[in-house]
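The values are calculated or read from the model by the stated rules, or taken from the named source; none is laboratory data. Values in this document were obtained by computation on a predicted structure and should not be read as measured data. Neighbour counts run over all protein chains shown; Cβ positions are idealised from the backbone, glycine included.
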Amino acid sequence: MFSLKPLTLSKPKGYTIFASLISLGGFLNGYDTGSIGAITSMPSFTSKIGDLSPLLRGFTVSLIMMTGAMPSVFGGKMAEKIGHLYVIMAGSLLFALGTGMEAGAGGLGVLLAGRALAGLGEGLWLGYITETAPCASRGMLVSLPQFMCTAGVCAGYFTCFGSVRLESSMSWRAPFIIQSLLAVVLAAFCAYLPDSPRWLLHKGRREEALQALERLGIEKEEAEKDILVPVPVAVDVKKGIRGFLRIFEREYRSRTFLAVFLLGALQLSGIDGVLYYAPTLFETAGLPGKTSTFLASGVSAILMVAITIPATLYVDRWGRRTSAIFGGIILSSSMFIIGALYLSDSVHSYGIGRWVVVGLIFIFALTYCATWAVMGKIYASEIQPMKTRNEANSLAQGVSFFANWLVAFLTPIFLAHSSYGAYFLFGGFSLLAVFVMAIWMPETRLRSLEDIQAGFQRLTAKSGNDDENAGGKLNGGMRLRRLLKGPVLVGLERHTEGVVLGSGSDASGLGPMRIELSSV
């Protein structure tokens with residue numbers, strides 16, 4: 001259900017300021033996305049590094065995601081031990097070193113080494129905002145890195161639009177220099193920000209957690225309902241591989257698989273194929289000249305930033321599920337129509353066909369920024385319990401990096417062999433994601449992290465009983481739909497007896513429902 005009440009402006013809380021600062025990592029991610037595809041097509045780059053084949057270009061562009069997938073898997077475990085800020089700081093310094101190597105590269109080997117190192121650093125930018133945001137603002141705050149990512153894409157496009165006019169190698173080195181300097185700034189921010197109160201409580205450091213809450217500006221009453229809620233289960237600490245494998249235990253695996261699928265689906269929609277290779281896509285559609293294609297890419301990035309602003313501000317005013325399904329339908333339709341136009345040979349350097357393709361690329365990118373980009377990481381993170389959040393988020397982030405790498409690597413190869421194949425492939429992935437979301441994705445809007453976990457715990461316990469009663473014949477999707485009686489994860493209220501009661505309406509609107517969730 002949509003609710004667009006006017007936003008009231010007031011002095012920002014500490015948690016808003018700190019989330020904005022740490023979101024510089026998102027800006028750097030987007031800046032690389034917006035600049036690297038353009039850089040590899042600059043004449044000054046090809047004269048110095050070489051004219052890359054589609055295979056080698058895809059590898060060069062995507063290498064940062066391939067190496068980013070590795071630390072993102074174990075980064076959560078590191079964050080659990082030493083805190084998110086130290087992990088993000090280390091990642092920022094690695095990214096600064098890697099982009100510095102790219103800026104000074106005299107050949108392809110050094111450039112690739114720099115991109116590999118930058119990817120290792122980027123893979124460590126995990127999870128801080130989810131841990132520090134109160135539930136009422138969590139959606140907006142967790143989506144800030146995505147907004148900054150979109151702004152970074154825009155900045156990357158226009159940096160290249162301006163620097164391509166330089167006749168020296170600074171035309172392609174300048175974007176890397178900017179990234180390196182900003183990464184150092186991000187590392188400096190990490191020395192100033194407070195640690196996550198949830199992490200401090202998890203480590204038994206309650207006084208420090210209270211001090212962190214004060215710096216974050218979270219009121220005591222709000223913290224007691226959300227962050228300071230006592231965990232009703234004994235902390236089960238498992239080390240090493242056993243601790244990581246816990247995310248696949250029956251109590252947690254449905255949330256793990258859902259998060260992994262969502263973050264993978266976000267990338268397999270083809271968004272990074274569009275963002276990395278936008279100049280190439282516009283040139284293929286019939287726009288003449290490098291300047292025109294760079295400008296079209298920059299204009300699309302400006303529109304993406306513009307639409308991300310209201311999407312970020314109002315992310316907590318409409319449902320995650322509605323946004324995901326509605327956005328997926330538009331994404332898949334856009335890809336299928338573009339593919340059909342190329343398949344029917346309707347796209348030329350003249351006529352209306354090229355403008356339809358350009359328009360649909362704009363619609364695809366704008367829809368993604370307004371829906372999937374804002375919703376995905378919020379949802380994947382908030383459905384995880386504290387005990388497995390770092391591990392599950394790390395795995396999901398690793399899969400996201402891998403899917404991102406796959407798209408960035410294969411897109412130029414697909415485009416070189418078929419003008420339409422990539423569009424049909426990405427459209428098919430998006431449509432599949434819509435079906436999965438419609439079946440498996442409960443609503444979490446405006447629920448505290450602890451309330452969400454209470455709901456999932458009861459669903460898991462209930463599903464186990466249903467399996468026994470039905471002889472274990474119900475599959476997971478049927479079980480989830482039966483338990484929720486629709487896609488809405490109900491509102492939850494706390495009672496002093498240790499019992500949580502939920503109330504809400506089922507998806508069909510036929511009437512109220514009430515679920516009792518016993519604490520465990």
Practice task
Kindly indicate whether any position in region 164-183 is in the same structural domain as SER92 (by TED's automatic domain parsing), within 16 Å of ILE82 (Cβ to Cβ) and of a type outside the set (D, E, K, R).
Solution key: no
Exercise for the section: Name the one entry in GLY240, GLY270, GLY286, GLY298 that is over 25 Å from GLU382 (Cβ atoms) and at pLDDT 85 or above. Expected result: GLY270
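Quick test for you: out of GLY114, GLY139, pick the one residue that is under 18 Å from ILE64 (Cα atoms), of a type in the set (Gly, Ala, Ser) and touching an Asp or Glu at 6+ places or on another chain (Cβ under 7 Å).
Numbers: GLY139 fails: under 18 Å from ILE64 (Cα atoms).
Of GLY114, GLY139, the one residue that is under 18 Å from ILE64 (Cα atoms), of a type in the set (Gly, Ala, Ser) and touching an Asp or Glu at 6+ places or on another chain (Cβ under 7 Å) is GLY114.
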Problem - The lone exception for GLU167 - which of (1) modelled with pLDDT under 90; (2) crowded, with 23+ Cβ neighbours inside 10 Å; (3) farther than 24 Å from MET375 by Cβ it fails - result: (2)
Practice task
Scan (1) within 27 Å of SER196 (Cα to Cα); (2) touching a Gly at 6+ places or on another chain (Cβ under 6 Å) for the single condition ILE64 breaks and write down its number.
Solution key: (1)
Problem - Residue in region 378-393 that is touching a Gly at 6+ places or on another chain (Cβ under 6 Å) and aliphatic (A, V, I, L, M) present - result: yes
Practice task
Output the residue which, of all residues in region 64-103 that are farther than 13 Å from GLY121 by Cβ and charged (D, E, K, R), is modelled with the lowest pLDDT.
Solution key: LYS77
Problem - Check on ALA296, closer than 26 Å to SER254 by Cα, of a type in the set (Gly, Ala, Ser), in the same structural domain as PHE248 (by TED's automatic domain parsing) and part of a helix (DSSP H, G or I) - result: no
Practice task
Please give the number of the condition LEU303 fails out of (1) under 19 Å from VAL357 (Cβ atoms); (2) modelled with pLDDT of 80 or more; (3) buried (at least 19 other Cβ atoms within 10 Å of the Cβ).
Solution key: (3)
Fill in the blank from the handout: From the option list THR33, THR46, THR40, single residue qualifying as within 25 Å of SER394 (Cα to Cα), of a type in the set (S, T, N, Q) and in the same structural domain as ALA151 (by TED's automatic domain parsing) is THR33
Exercise for the section: Could you tell me whether any residue of region 123-138 is polar (S, T, N, Q) and either touching a strand residue (DSSP E or B) at 6+ places or on another chain (Cβ under 8 Å) or at pLDDT 95 or above (or both)? Expected result: no
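Could you list, in sequence order, all residues of region 26-63 that are outside any helix (DSSP H, G or I) and β-branched (Val, Ile, Thr)?
First pass over region 26-63, keeping only residues outside any helix (DSSP H, G or I): 40-42, 49-53.
Scanning region 26-63 gives THR40, ILE49.
Please verify whether VAL358 is outside any helix (DSSP H, G or I) and in contact (Cβ under 8 Å) with a residue 24 or more places away in the chain, treating the condition exactly as stated.
Numbers: outside any helix (DSSP H, G or I): no; in contact (Cβ under 8 Å) with a residue 24 or more places away in the chain: yes.
No.
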Completion exercise
Considering residues that are part of a helix (DSSP H, G or I) and either out of contact with any Gly (no Cβ under 6 Å at 6 or more places or on another chain) or hydrophobic (A, V, I, L, M, F, W, C) (or both), the number found within region 328-351 is 15
